[in-house]
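Undergrad: One structure, as structure tokens, below. Some questions next.
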Amino acid sequence: MRFFVPKAYAAGLRLAESAARLWDAFEDAHIKANLDGPVEIGMKYFTAAVEAALLFGSAPDSETLKFDALFWNEMVERSRYVLGQKASRPMWSTITPRQASRPVMNITAAIPPDWSDHSWQPLVLPTRIVPARYTTRPEWSSDGESMWMRLSKFSALNRLSLHALASLVAVRADETCCAGVDLRRADRFVSSRLCSLLEIAEAAALDGFCLPSGHPALAWAAIELRYCPKCLERGFHAAWFQWRFIERCPVHGSRLRGGCHKCAAAIPYTLNSNLAKHPLACAYCGTPWVPGLNRSAGRCVPANGRLARIFKRWQIHVADAMMAVAAMPVSAARPGHGKIRASMCRRHRNPDAMLGPLHPAVEPALRSTATFTCGAH
């Protein structure tokens, strides 16, 4: 428990204190669902409820955290105890006196010939596997949003384990056991699954990555998250922020930074355990990166209007420029070939202000982007 809610654990919170409240929560669920027979709770439901408590308790971890009766009622609901009990009991359409006199276990036996004059027929509902449904909230996202941000929001809404999340979208879920799945490359994910799960178009899914596949030019893309603090605070991050030659946010003019803004811990740009367990928050100090989500009825604010237009222009031109580089021979596209240094300016009155070292193939398109973007101001 101390690894999930260290602050509450240090303050004296223990799971043993919640034993009676957890049992009462199962009894209440049993009674409210009108389940027959005594309360018999399988260990798998206890385990699921405790696991859910640890996962959901880690987000609001504090010295005053308490696991009260309302909290355990929600965890019991998440354990699917009631659904499991209902699914294990057959349901009948009608019950005649003669049927009721027979043992329940024999209801599916063959009907004797001397009962052929009776009109009742036992009805056993067929079992079927219902596909899992997830919460997506596509209205929280903006066009051009990175896959890191989209999957972080999805993880925050559904609280899946790393293996479950990777199994839904990654080509190889076992990659998460090592360094994680690279979010710069689209070929490490199944595009059709991403589109279906996140309820987005295929083009929007591809826009969430730096390049469609592996290429030496990916060495220009940072392996740790680079972000604009103001954009991240409202729940936006673009994949092209990862390119090291983009040095400032074209909207806010602030320098792109890396690491947690409070403890400076590195943020890997991969689908890993930190993204699954601590979405949109620091895995080390617990600082939330999108404060609006922690408020009552909190939500992310999508970019719109002028912000959306500027981000869209940069996204298109950066993507076009990098596609041209990706199509070049490997030797010509290696980082360091023909770089130039652009001047820096705080408020980017100079169109070069947002651009750092560039490849000759990338330079013309990005310079023109900066020119008309600054003209839009």
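The values are calculated or read from the model by the stated rules, or taken from the named source; none is laboratory data. Computed from a prediction, not measured in an experiment: that's the story for all the values here. FYI the Cβ positions are ideal-geometry reconstructions off the backbone, even for glycines, and counts take in every protein chain you see.
Yes/no per residue for (1) within 22 Å of the chain's Cα centre (by Cα); (2) outside the structural domain of Leu293 (by TED's automatic domain parsing); (3) surrounded by 13 or more Cβ atoms within 10 Å (Cβ to Cβ); (4) not in a loop (DSSP other than H, G, I, E, B):
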residue: Trp23; (1), (2), (3), (4): no, yes, yes, yes
residue: Pro38; (1), (2), (3), (4): no, yes, no, no
residue: Lys44; (1), (2), (3), (4): no, yes, no, yes
residue: Ala48; (1), (2), (3), (4): yes, yes, yes, yes
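Undergrad: Quick test for you: out of Gly253, Gly258, pick the one residue that is small (Gly, Ala, Ser) and touching a His at 6+ places or on another chain (Cβ under 7 Å).
TA: Numbers: Gly258 fails: touching a His at 6+ places or on another chain (Cβ under 7 Å).
Only one candidate qualifies: Gly253.
Undergrad: Further question on the same structure: Do we have any residue at all in segment 243-266 that's crowded, with 20+ Cβ neighbours inside 10 Å, under 17 Å from Leu151 (Cβ atoms) and at pLDDT 90 or above?
TA: For segment 243-266, residues crowded, with 20+ Cβ neighbours inside 10 Å, under 17 Å from Leu151 (Cβ atoms) and at pLDDT 90 or above: absent.
Undergrad: Taking segment 151-181 on its own, how many of its residues are closer than 17 Å to Gly292 by Cα and in contact (Cβ under 8 Å) with a residue 40 or more places away in the chain?
TA: Adding up the residues that qualify gives 5.
Undergrad: What is the number of the single condition among (1) surrounded by fewer than 16 Cβ atoms within 10 Å (Cβ to Cβ); (2) within 24 Å of Phe311 (Cα to Cα) that Ser167 does not meet?
TA: (2)
Undergrad: Are there any pairs, at least 6 apart or on different chains, whose C-beta atoms fall under 9 Å, with the first in segment 309-333 and closer than 17 Å to Phe236 by Cα and the second modelled with pLDDT under 75 and among the small types (Gly, Ala, Ser), and if so, which?
TA: Filtered contacts from segment 309-333: Arg309/Ala376; Ile310/Ala376; Arg313/Ala376; Trp314/Ala370.
Undergrad: Restricted to segment 50-66, and to residues that are assigned to a loop (DSSP other than H, G, I, E, B) and either under 25 Å from the mean Cα position of the chain (by Cα) or of a type in the set (Gly, Ala, Ser) (or both), which residue is surrounded by the most Cβ atoms within 10 Å (Cβ to Cβ)?
TA: Here the answer is Ser58.
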